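**Student:** Take a look at the following structure, please.
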Amino acid sequence: MATHLVRRTPESARDATPPAARIDHVSKTFGRQAGRPVLDDITLDVATGEFVTLLGASGCGKSTLLNLVAGLDEPTLGTIDVPGGRPALMFQEHALFPWLTAGKNIELALRMRGMTRAERRPETERLLELVRLKGAYGKRVHELSGGMRQRVALARALAQDSRLLLMDEPFAALDAITRDVLHDELTRVWAETGLSVLFVTHNVREAVRLAQRVVLLTSRPGRIAREWTVDIPQPRRIEDAAVAELSVEITEELRGEIRSHGRQ
């Protein structure tokens, strides 16, 4: 029988704990001239230990919002506060250095943290084991499958020792079976580490499969259209009836938003 991984923060503790990220009335416009914003008046908290997915049509500003939280760009209006320090960021592409081994890619992040050479190797081995890649330290990037590369990328992100993990469609390029396996792995790592996660995806079922809360953005300009709390115990399967039922509801809302945008 499967063990349910249910992680809930009591309301009293949640009130006393600052959020992992606070996005306060944030807008973003690109270019020198004031035009139509990409993001418009976004207010969103990601609680400590919470897993939040961002959904929306292409061009709605999901990745832009993630970049703002990561500190890669500045909002035009509003403020973003990440009390735990700079977040870790994981992209759709693994972005590993091909001339380094899997272990050395992870060690690079540890070295940037100031960890000594003697400390780096055992910590790298621990992180590889955490993402189920024990024994892969010396493997080159070209020797790894797509799923293994993303596991190394996840381990490298975890090596940054941030309490907030930002993920920009990290599994979009993978086949369905590999993606499903990595869903399981990410859920397990999240449960074991207590990280907060803000995860961007176009895939409604993926959003419901992973998250405690799903946030839907409107088409450009991106505003928060609606949120759903996902009260389905973990571990979930992407084909579970409860996942499918909520996915249908969210998909209908997304389709309505896209149709509305098309009439503008």
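What follows is calculated from the coordinates using simple rules that are stated; it is not laboratory data. Small disclaimer: the values here were computed from a predicted structure and weren't measured. Ideal geometry is used to build each Cβ from the backbone, glycine not excepted, and the neighbour counts take in all protein chains shown.
**Student:** Roughly how tilted is helix 176-193, in degrees to the nearest 10 and between 0 and 90, from the longest Cα axis of the chain?
**Tutor:** Approximately 80 degrees, to the nearest ten.
**Student:** Then there's this: To test your reading of the geometry: what angle, between 0 and 90 degrees and rounded to tens, separates the Cα axis of helix 102-112 from the longest principal axis of the chain?
**Tutor:** 70 degrees
**Student:** Give me the net charge for the shell around Pro98: Cβ to Cβ below 15 angstrom, other residues only, Lys and Arg +1, Asp and Glu -1. Kindly include the intermediate steps, with their values, before the conclusion.
**Tutor:** On the way: positive: Lys104, Lys139, Arg140, Arg149, Arg156; negative: Glu93, Glu143.
After counting each charged neighbour, the total is +3.
**Student:** For Arg255 paired with Arg237, estimate the spin-label separation in nm (one decimal), with each label point 7 Å from Cα along the Cα-to-Cβ line.
**Tutor:** The answer from the label model is 2.6 nm.
**Student:** Among Met90, Met112, which comes first, then next, by fewest other beta-carbon atoms within 10 Å?
**Tutor:** Met112, Met90
**Student:** Could I ask something else about it? Rounded to the nearest 500 deg cm²/dmol, what is the calculated helix-only ellipticity per residue at 222 nm for the chain, with -39500 (n - 2.57) per DSSP H run of length n ≥ 4?
**Tutor:** So the calculated ellipticity at 222 nm is -12000 deg cm²/dmol.
**Student:** Residues with beta-carbon under 11 Å from that of Gly146, excluding Gly146: net charge, scoring Lys, Arg +1 and Asp, Glu -1?
**Tutor:** +1
**Student:** Take His183, His142 and order them by how many other Cβ atoms sit within 10 Å, fewest up front.
**Tutor:** Numbers: His183 19, His142 7.
In increasing order of surrounding Cβ atoms, one gets His142, His183.
**Student:** Expressed as a whole number of Å, what is the distance separating the alpha-carbon centroids of the stretch 21-96 and the stretch 137-154?
**Tutor:** Here the answer is 28 Å between Cα centres.
**Student:** As a footprinting exposure proxy, order Ser260, Ser219 by other Cβ within 10 Å, with the fewest listed first.
**Tutor:** Neighbour counts put them in this order, fewest first: Ser260, Ser219.
**Student:** Please give every one of the lysines within straight-line cross-link reach of Lys139, meaning a C-alpha to C-alpha distance under 27 Å, and leave out same-chain neighbours fewer than 8 residues apart.
**Tutor:** Partners within reach: Lys104.
**Student:** For the chain, what relative contact order do you get, as a whole percent, if you take Cα pairs closer than 8 Å and at least 6 residues apart?
**Tutor:** Relative contact order comes out at 26 percent.
**Student:** Could I ask something else about it? Report the trypsin sites (Lys or Arg not before Pro) located in the stretch 53-141 that are in a DSSP loop and have at most 11 other Cβ atoms inside 10 Å of their Cβ, or state none.
**Tutor:** In loop regions of the stretch 53-141 (DSSP not H, G, I, E or B), the sparsely surrounded trypsin sites (Lys or Arg not before Pro) are Lys134.
**Student:** Going by alpha carbons, how many degrees (0 to 90, nearest 10) lie between the helix axis of 146-159 and the longest principal axis of the chain?
**Tutor:** Result, in degrees: 90.
**Student:** While we're here: Can you give the local net charge around Met112? Use residues other than it whose beta-carbon is closer than 12 angstrom to its beta-carbon, Lys and Arg +1, Asp and Glu -1.
**Tutor:** Result for the local shell: +3.
**Student:** Among Gly103, Val131, Thr116, whose Cα lies farthest out toward the positive end of the dipole of the stretch 95-161, if unit charges sit on the beta carbon of Lys, Arg (+1) and Asp, Glu (-1)?
**Tutor:** Most positive-ward Cα: Gly103.
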